[in-house]
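The values are calculated or read from the model by the stated rules, or taken from the named source; none is laboratory data. The structure displayed is predicted, hence computed values, not measured ones. Every residue, glycine among them, receives a Cβ derived from its backbone with ideal geometry; neighbour counts consider all protein chains shown. All accessible areas refer to the heavy atoms of the entire protein, side chains included, with ligands and DNA or RNA removed. Shrake-Rupley method; radii C 1.70, N 1.55, O 1.52, S 1.80 Å.
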Protein chains: 2
Amino acid sequence: MTALQRIFGGAAPVARWATPPEYFRNGERRGLAMRSAIAAVALAMCATGVTAQDIRATGDLGLVVERATGSLVVVDQSERARIGRIEGLGDLSHASLVYSPDERFAYVFGRDGGLTKVDIVEQSVVGRVMQAGNSIGGAISDDGQYVAVSNYEPGGVRIFDADTLDMVADIPTGGKTIGLVDIPGGRFVFSLWDQGETWIADLSSGAARITKIEGIGTNPYDALVTSDGRTYIAGLFGEDHLTALDLWQDTPQPQKILPGYAGDREGLPVYKMPHLEGWALAGHEFVLPAIGQHEVLWVDARSLQETGRTATHGQPVFAMARPDGRQVWVNFAHPKNDTIQVIDTITKDVIHQFEPGPGVLHMEFTPRGHEVWLSVRDAGKIMVYDTQTFEKLREIDAESPSGIFFTARAHRTGL
Amino acid sequence: MTALQRIFGGAAPVARWATPPEYFRNGERRGLAMRSAIAAVALAMCATGVTAQDIRATGDLGLVVERATGSLVVVDQSERARIGRIEGLGDLSHASLVYSPDERFAYVFGRDGGLTKVDIVEQSVVGRVMQAGNSIGGAISDDGQYVAVSNYEPGGVRIFDADTLDMVADIPTGGKTIGLVDIPGGRFVFSLWDQGETWIADLSSGAARITKIEGIGTNPYDALVTSDGRTYIAGLFGEDHLTALDLWQDTPQPQKILPGYAGDREGLPVYKMPHLEGWALAGHEFVLPAIGQHEVLWVDARSLQETGRTATHGQPVFAMARPDGRQVWVNFAHPKNDTIQVIDTITKDVIHQFEPGPGVLHMEFTPRGHEVWLSVRDAGKIMVYDTQTFEKLREIDAESPSGIFFTARAHRTGL
């Protein structure tokens, strides 16, 4: 998961393009509380406490971040229901999480530097370390052995044993790290805001071997990797283009793409930075929320050239493709964050628009795309829609819900 | 799942290209035993019978078909171990299976027309119907509500409620059906051997609405759909090309692709029909086992034009891309079915070759591709390899293992 793939909070404008986005200005030192405070939560379940209805397969579960209360709602996609709650996770603004390969454990990355391991079956916290003072996102290695966290304060990446949460590698960078993703081969990729570099940390030997790639550009603020783990793309705060790396090359060379992409910065105030997660593949194209504009960009997935634009209701935050790529669902920055638009991939036209409610912060599709779940923060609801009929199927109560994470993410690369 | 995506058995040559493949000649009538014999297996688990170690998340489990004994081995990917066995599934030659969205239940399609529902958590058969006399594969709808089975005897497709195994739709076609796959929108697609048609069955309303597309070509013998559910491609027994359909079109029109593809039929005896599952996306290309030749074909994923060929050790049966697309693993027809070759996607060169043992029938990658499991039938072993180092990590005993199916398939379209 990368920084801009986080669920940003706050209904108020947080940044204009001309100043660094919110999280870069949040520089107060909280001190590095490197207490290896793994909660020794015993698996208290015993024979007498378990009944048949406790046996849950984990393939259709999920967790929804309740940012205001530092808790997670456990949901069941098939039942379209909340089935539990896990509390005590600290500051969950900008929180995200990844799943273990068996879809049982989630690793939750809190803004406060907390790394919390929760058991979705037993609905409990099974481990927690304060691993930094200010962090933003993490990733899990392809074999499920290592969990990496990207830190602002102190800068760098720390890597933990997924079983024990013991730290196995500390990679200081002398500054903020962003755009941390996993790629095949037990590797992690991330970028350095200050130095404009991208580093690859290879954990396949058990220790971190670092490859450094210079010349990414001025102030990468977020990055993503394509779902095959091949193309890493960094957004740049100080340049008028993005930078791509082909990670299949022996020595990846930075390639400028979408020159002039940021040329419209003056156009409109940027209430929220768009999320690069929007680079979902829709047919033969990627879809990208345009920065500071009321439009999404279409980009050829192979050439990385712009192929079109679609005018939208507001400034897009997420532009997410349904898993089959036939539709793109877009939510918007404040004050238009009560609305969703659905774009058809073939015509690039908006085919549906509706207002789920105030503060639509995140969307998550069921793995095969037949339904989509929306977090409607200020309504205190998670809403479930049929993606074919657009019918609302269910409302589920939650406290200020933000990010929605289904367990199927366990099987995907680069999240 | 489509017909040629099955694990074919038999070490001996079963067909030359000039005659129909084995399963078409297997025309003996077994009679339609439409006994609605859902085994009323009570969930006998009670509080006193369950312990903490019985709690298993299902995201990293799998089933391996033991063809000779009509049983399934339950495996755990993370532990690289067998954790149980499920018996009593009838004739499992050419068997395949699909998973429920929660990754708890598998629907097993036996050659004898049996449709068996098994619980991978409790490791038991929870339902079984003899739904036809001779069937070949099935699929599950995107919402997990419907399971469809493709039948030879009697021909047609039957669709069942995934919970109860009650039949909800009977679609007779007057002949054999092949290439049954699921696509988004509660739909199934399949083709008719005799009529050269492709039908789309839309179950979204609860009843089957049929769309028929004529002119697919003479005797489609198998088909596949791309992972986004968009492009359906049929292999033709009686034509010198393949036929593609763009299912995103309102009225899909048959398009001839790879003309001359079958032109080398005279070249070598065809010991096994290649499996179209080999059309995995590797970078920007699909990989296809060439019929009757010692080579694989590379096909541009967008234009569907041939882009290259790689000479191989024998006649390829499966050419499967690692999930990230960087490698393609190939197994071969008898008598070279003791060997695996690994091809690099960029150079299209064979970069590794080894002999796991006699009768390598199937391969399944872990969802993020760090390991691959092989069925080595005549060694009575499942073998697990690291895909980066090619090191063998584990051998697991099994009786004549064939198809390997990991639960992550639950989240994918078109299997």
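Just to check your reading of the model, which residue among A:ARG368, A:ARG409, A:ARG377 is more than 14 Å from chain B (Cβ to nearest Cβ), under 21 Å from the mean Cα position of the chain (by Cα) and modelled with pLDDT of 95 or more? Show your work before the answer.
Details: A:ARG368 fails: more than 14 Å from chain B (Cβ to nearest Cβ); A:ARG409 fails: more than 14 Å from chain B (Cβ to nearest Cβ).
Only one candidate qualifies: A:ARG377.
So which strands (runs of 3 or more DSSP E) are wholly in region A:317-364 and hold at least 2 residues that are open to solvent by 10 Å² or more (accessible area, probe 1.4 Å) and not acidic (Asp, Glu)?
Details: elements: A:327-332, A:340-344, A:350-354.
So the answer is A:350-354.
Got a number for residues in region A:331-358 being touching a Pro at 6+ places or on another chain (Cβ under 9 Å) and at positive phi?
So the answer is 0.
Taking only region A:383-400 into account, find how many residues are more than 14 Å from chain B (Cβ to nearest Cβ) and either within 20 Å of B:HIS411 (Cβ to Cβ) or without any contact (Cβ under 8 Å) to a residue 40 or more places away in the chain (or both).
Total satisfying the criteria: 3.
Scan region A:204-232 for residues that are in contact with a Pro (Cβ under 6 Å, 6 or more places away or on another chain) and buried (at least 21 other Cβ atoms within 10 Å of the Cβ) and jot them down.
A:ILE216, A:GLY229
Which residue, of B:ALA234, B:ALA207, B:ALA201, is modelled with pLDDT under 95, over 19 Å from the mean Cα position of the chain (by Cα) and hydrophobic (A, V, I, L, M, F, W, C)?
Working: B:ALA234 fails: over 19 Å from the mean Cα position of the chain (by Cα); B:ALA201 fails: modelled with pLDDT under 95.
Every option except B:ALA207 fails the conditions.
Scan region B:81-92 and tell me whether some residue there is farther than 21 Å from B:SER400 by Cα, within 14 Å of another protein chain (Cβ to nearest Cβ) and not small (Gly, Ala, Ser).
From region B:81-92, those farther than 21 Å from B:SER400 by Cα are none; that's our starting set.
No, that holds for no residue.
What residue, among those in region B:124-157 that are among the charged types (D, E, K, R) and within 29 Å of B:GLY59 (Cα to Cα), is least open to solvent (accessible area, probe 1.4 Å)? Show your work before the answer.
Taking region B:124-157 as the starting set, the residues that turn out to be among the charged types (D, E, K, R) are B:128, B:142-143, B:153.
Pick out the ones that are also within 29 Å of B:GLY59 (Cα to Cα) and you get B:128, B:142-143.
Numbers: B:ARG128: 48, B:ASP142: 15, B:ASP143: 48 Å².
Going through the qualifying residues, I end up with B:ASP142.
What's the number of the condition B:VAL121 fails, among (1) open to solvent by less than 10 Å² (accessible area, probe 1.4 Å); (2) closer than 21 Å to B:GLU66 by Cβ?
Answer for B:VAL121: the failing condition is (1).
I'd like to check which strands (runs of 3 or more DSSP E) are fully inside region B:58-103 and have at least 2 residues that are open to solvent by 10 Å² or more (accessible area, probe 1.4 Å) and touching a residue at least 40 places away in the same chain (Cβ under 8 Å). So that I can check it myself, show each step before the final result.
Details: elements: B:61-66, B:71-76, B:81-86, B:96-99.
In region B:58-103, the matching strands (runs of 3 or more DSSP E) lie at B:81-86.
Looking at B:GLY235, B:GLY185, which is the one that is buried (at least 23 other Cβ atoms within 10 Å of the Cβ) and closer than 30 Å to B:HIS284 by Cβ?
On the way: B:GLY185 fails: buried (at least 23 other Cβ atoms within 10 Å of the Cβ).
Answer to the check: B:GLY235.
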